[in-house]
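Novice: Take this structure, written in structure tokens, and hold onto it; I'll ask about it next.
The values are calculated or read from the model by the stated rules, or taken from the named source; none is laboratory data. As the structure is a prediction and not an experimental result, all values here were calculated from the model. Note that each Cβ is placed from the backbone with ideal geometry, even for glycine, and that neighbours are counted across all protein chains shown. Each accessible area value is taken on the protein alone, full model and side chains, heavy atoms only, with ligands, DNA and RNA left out. Shrake-Rupley method; radii C 1.70, N 1.55, O 1.52, S 1.80 Å.
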Amino acid sequence: PLALAPRRRMVELGLAALRGGGRLERRGELVRLSEALRSAGWVCLPLSDAPATAAAISSCQAAAADFFARPLDERARYNSGAADWALGLTYLPPGGEPVYSASASAQRVHSLNCQASLTPDEVDALLPLTMSETDRMLAREYHAWPRGELALPELEGASGALRAALATEICEPLMRALSLLLGLPEDHLTRRCSMRHSDNTSLLRLLEYPPLPEARATSPDANEWGVSEHTDFELFSLIHQDMEGLQLQTRSGTWTAAGVGHNVLIMIVGDMLERLSAGYFRATPHRVQPTPAKVPSPRRSLVFFQAFDEDEPVRGVEPSQCHGPHGHAFAEYLRGLGGAGDVEQFMHAITQRQWTEHRELPALERAKRMAKT
């Protein structure tokens, strides 16, 4: 319903070069990544450079489509809190998605939240010995998937394969690249996003957006969305969509539609990368249009949120921390910041958990009020 700027040409990042190309080839991809994130806030990642990820995405989407096709009473058995001993897979029914924009009148989406499927022993091996038994039990629940008649082995296997492929082919190379661009040791981010000292971390979400009713095909509500405008809370997000609907806001404030490519992921900047970089990289506002009426199938998307460990305190990098040949532009940015107000908003340390709760609780309250009306 809203006018958009002409679609921007997305920069495609050479993942293979970023992972293991020659020094000059890798340096070129680092420059392209920085320029794309600085000017637009996103970059396109071709899955031809990530074959294991591409295969796992197809498997996940097929298993999710099968789940979303089930009757509502069957899906409701996986609602968050329906089985509080197994929180590794939870379902958010229509109306359960947090409402991020105060102007939104409705959101048309339902989703599956998929945590890493781990045994109690695997969870214990990750967590510090000093963690309380209460927090340890919660961690085990967050990584336990439903069993028995509620088991979903295809989805569990596919989501595990996708997590593993994303880590190796995409997330770790990106985190190493971002660390270098900020003048930090190459392993700075991978060490802080390792699922240690944390009961719950990076999340995989599978979403379906049902079409609008035919009665509203000719008179849509401008404030009804698939998901309303927001930025993501984590370091960065990876998005795959099978139908147009995702809209991204550039740093100049214009909105543009993200194109569809079954063989690409879109990476966008999250709040924690903005905080860490003191605004050098800005979190990307985005939203999803409601799926048009009369489409042959609902729109489906997949999002992976790469987060810091939940109890990891995050604050802006200081000039004294910025070293290395790839961090010169960022170091110049830090030296060029103006008064204290430009810096202070990023220098107060906050954990991923604290930030997520700060942002998500008001959105959940809006969803509850909307459900009542």
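Novice: Using a Gaussian network model of the chain whose springs link C-alpha atoms within less than 10 Å, name the residue from Ile170, Ile268, Ile350 with the highest mean-square fluctuation.
Specialist: Judging by the Gaussian network model, the answer is Ile350.
Novice: Can you give me the solvent accessible area of Met137 with a 1.4 Å probe, rounded to the nearest 10 Å²?
Specialist: 90
Novice: Counting alpha carbon pairs within less than 8 Å and at least 6 residues apart, what relative contact order, in whole percent, applies to the chain?
Specialist: With pairs under 8 Å counted, the relative contact order is 22 percent.
Novice: With +1 on each Lys and Arg Cβ and -1 on each Asp and Glu Cβ, how big is the dipole of the chain about its Cα centre, in debye rounded to the nearest 20?
Specialist: 1060
Novice: Going by accessible area, probe 1.4 Å, with all protein chains left in place, what is the ranking of Glu344, Glu318, Glu12, Glu208, largest first?
Specialist: Glu344, Glu12, Glu318, Glu208
Novice: Would you please calculate the Kirkwood hydrodynamic radius of segment 203-298 over all C-alpha pairs and express it in Å, rounded to one decimal?
Specialist: One decimal place: 14.6 Å for the Kirkwood radius.
Novice: Moving on to the next point. Determine the shape class of segment 14-122: with a ≥ b ≥ c the square roots of the Cα gyration tensor eigenvalues, call it rounded for a/c under 1.5, and otherwise prolate if a/b is greater than b/c, oblate otherwise.
Specialist: prolate
Novice: Now a separate question. Per residue, what accessible area does the chain have, given a 1.4 Å probe and all protein chains present, in Å²?
Specialist: So the chain comes to 44 Å² accessible per residue, rounded to a whole number.
Novice: If amide H atoms are built 1.01 Å from N in the plane of the peptide, which residues on other chains or at least 5 residues away come under 5 Å of the amide H of His110?
Specialist: Hits under the 5 Å cutoff: Glu208.
Novice: Follow-up question, since we're still on this one. Go ahead and estimate [θ] at 222 nm for the chain from helices alone: -39,500 (n - 2.57) per DSSP H run with n ≥ 4, summed, over the residue count, rounded to 500.
Specialist: For the chain, the value works out to -11000 deg cm²/dmol.
Novice: Under the Kirkwood approximation applied to all pairs of distinct alpha-carbon atoms, what is the hydrodynamic radius of segment 284-327 in Å?
Specialist: 15.9
Novice: Could you report the accessible area of Ser58 in Å², rounded to 10, computed with a 1.4 Å probe on the protein chains as they sit in the structure?
Specialist: Here the accessible area works out near 80 Å².
Novice: So how strong a dipole does segment 44-133 carry about its Cα centre when Lys and Arg Cβ are +1 and Asp and Glu Cβ are -1, to the nearest 20 debye?
Specialist: Once rounded to the nearest 20, the dipole reads 460 debye.
Novice: What's the carbon and sulfur percent of the chain's accessible surface, probe 1.4 angstrom, rounded to a whole number?
Specialist: In the chain, the share of accessible area belonging to carbon and sulfur is 53 percent.
Novice: What does the accessible area of Glu25 come to, in Å² to the nearest 10, when a probe of 1.4 Å is used?
Specialist: 110
Novice: Related question: Could you work out how far the C-alpha centroid of segment 34-112 sits from that of segment 305-373, in angstrom?
Specialist: The two parts, judged by their Cα centres, are 24 Å apart.
Novice: Let me ask another. How do the peptides 61-69, 122-130 rank, highest first, by the average count of neighbouring beta carbon atoms within 10 Å per residue?
Specialist: 61-69, 122-130
Novice: Can I ask one more? Would you work out which of Met195, Ala86, Val11 lies farthest towards the positive end of the dipole of the chain? Charges go on Cβ: Lys and Arg +1, Asp and Glu -1.
Specialist: So the residue we want is Val11.
Novice: Based on the alpha carbon coordinates of segment 218-373, what radius of gyration and maximum Cα-Cα distance (Dmax) apply, in Å?
Specialist: 18.3, 58
Novice: From largest accessible area down, sort Met267, Met195; use a 1.4 Å probe on the protein chains.
Specialist: Met195, Met267
Novice: Answer with one residue from Ala55, Ala125, Gly148: the one whose Cα lies farthest towards the positive end of the charge dipole of segment 53-160, charges on Cβ with Lys, Arg +1 and Asp, Glu -1.
Specialist: Selected residue: Ala55.
Novice: Would you pull out the residues with amide H under 5 Å of Val99's amide H, same chain only if 5 or more places away, H placed 1.01 Å from N?
Specialist: The list, which skips near neighbours in sequence, is Leu364, Arg366, Ala367.
Novice: Determine the dipole magnitude for segment 120-195: charges of +1 sit on the beta-carbon of Lys and Arg, -1 on that of Asp and Glu, nothing else is charged, the reference point is the Cα centre, and the result goes in debye to the nearest 20.
Specialist: Here segment 120-195 has a charge dipole of around 260 debye.
Novice: Under Stokes-Einstein, with the Kirkwood radius over Cα pairs standing in for Rh, what whole-number D in µm²/s applies to the chain at 25 °C and 0.890 mPa s?
Specialist: In µm²/s, the coefficient is 114.
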